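**Q** What follows is a structure written as structure tokens; I'll ask about it next.
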Amino acid sequence: SLISIIGSAKIKITQLRLDGAGLTNPAASRLNHLIAVGAASADVSDVQIMQCTFTGMVAASGDGVHVLGDAADLVTRIWVKNNRFDGCSRFGIGIEQGCNNGWFCDNFLTNCETDIALVATAAVANNGIQIRGNHITHTGAVRHAIRIEGDAGTPSQAVIVAENVILDGFVTYSGVLYGNAINNIVTSGAFASADAVFRVFGNVSYLPIHGNVIVRASGSSVGPCM
């Protein structure tokens, strides 16, 4: 990673341009991130990443910002706000697990495989996550603009997805307890799929869904809106 934050507290990163174009021979594991917060090896707390640009990542590398903790080594209180993600190989913002109280707000994201992803790879929950007010213009070859997918047996809790504008991509939502999906705009773009544009599946409880605009664009008529 260009920047790794491990075992640290009270870190602020602002007004940087992080360009991944110089990477050669990216790892098959896709762990070459521009900023990696936590490594499941030491606590991290009070991190702010604001007004930065994430770009230029070569194919088969990693995420713009990647967040990873575990049950003993949490990432606590992280703000990723007012950034531009344009050209991230996998996820613009990737939240894996072990994140308590994270705010991922008011960012612009485009030209990523998936723009925002909370995808757990172990039975460690994320708690108190806000994904709010982001503008996504999805251009990736895969249809997902946002993936909220907590662990099936240990769901993430209090995941708020609100007031985002998501153009030309799908949203999936699973493995969540006590979340909401409120006042988002989601359009499918040209993707044809039997899945819904906004799909809720797999161990989801107490999820108000209110005030969203969900549209299947012309030429993408397979499957329901929701």
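The values are calculated or read from the model by the stated rules, or taken from the named source; none is laboratory data. Values in this document were obtained by computation on a predicted structure and should not be read as measured data. Backbone-built Cβ (ideal geometry, glycine too); neighbour counts: all protein chains shown. Note: areas computed on protein heavy atoms with side chains; ligands, DNA, RNA excluded. Shrake-Rupley method; radii C 1.70, N 1.55, O 1.52, S 1.80 Å.
**Q** Grab every C-alpha pair in the chain, bin the distances at 10 angstrom width from 0 up to the longest one, and report whole percents.
**A** Result, from short to long distances: 9, 36, 39, 15, 2 percent.
**Q** By the 4.7 Å beta carbon criterion, which cysteine residues of the chain come out unpaired?
**A** Cys with no partner Cβ under 4.7 Å: Cys52, Cys99, Cys105, Cys225.
**Q** For the range 81-131, what percent of Cα pairs sit more than 19 Å apart? Mind dumping the intermediate values first?
**A** On the way: 355 of 1275 pairs.
Of all Cα-Cα distances in the range 81-131, 28 percent exceed 19 Å.
**Q** Would you mind computing Rg(Cα) / (2.2 N^0.38 Å) for the range 1-43, counting N as its residues?
**A** Ratio of Rg to 2.2 N^0.38 Å for the range 1-43: 1.30.
**Q** Give me Rg/Rg_expected for the range 10-136, where Rg uses Cα atoms only and Rg_expected = 2.2 N^0.38 Å with N residues.
**A** Taking the Cα Rg and dividing by 2.2 N^0.38 Å, one obtains 0.96.
**Q** Continuing with the same structure: With a cut-off of 8 Å between alpha carbons and a minimum separation of six or more residues, what is the relative contact order of the range 13-59 in percent?
**A** Details: 47 pairs, mean separation 32.4, N = 47.
69 percent.
**Q** For the range 73-161, with every protein chain kept in place, what is the accessible area per residue (1.4 Å probe, Å²)?
**A** Numbers: 2740 Å² over 89 residues.
Ligands and nucleic acids excluded, the figure is 31 Å² per residue.
**Q** Additional query: Within the range 83-164, what percent of beta bridges assigned by DSSP are antiparallel, to the nearest 5?
**A** 0
**Q** Beta carbons within 10 angstrom, averaged per residue: use that to sort the peptides 56-65, 42-51, 109-118, 15-24, highest first.
**A** By packing density, highest mean first, the sequence is 109-118, 56-65, 42-51, 15-24.
**Q** At Asp70 and Arg17, where each label point lies 7 Å from the Cα along Cα→Cβ, what is the point-to-point distance in nanometres?
**A** Taking the two extended label points, one gets 3.8 nm.
**Q** Around Met226, what is the net charge, scoring Lys/Arg as +1 and Asp/Glu as -1 over all other residues with Cβ under 11 Å from its Cβ?
**A** After counting each charged neighbour, the total is +1.
**Q** How many angstrom lie between the Cα centre of the range 113-129 and the Cα centre of the range 45-75?
**A** Using only Cα atoms, the two centres lie 12 Å from each other.
**Q** State, to one decimal in nm², a quarter of the convex hull surface area for the C-alpha atoms of the range 132-201, i.e. the direction-averaged projected area.
**A** Working: hull surface 18.3 nm².
One quarter of the hull surface, i.e. the mean projection, equals 4.6 nm².
**Q** Considering every Cα-Cα pair within the range 83-184, what fraction, in whole percent, is farther apart than 18 Å?
**A** Cα-Cα pairs of the range 83-184 separated by over 18 Å account for 39 percent.
**Q** Another question, if that's okay. Please give the solvent-accessible surface of Ser29 in Å², to the nearest 10, using a probe radius of 1.4 Å with every protein chain present.
**A** Accessible surface of Ser29 is approximately 70 Å².
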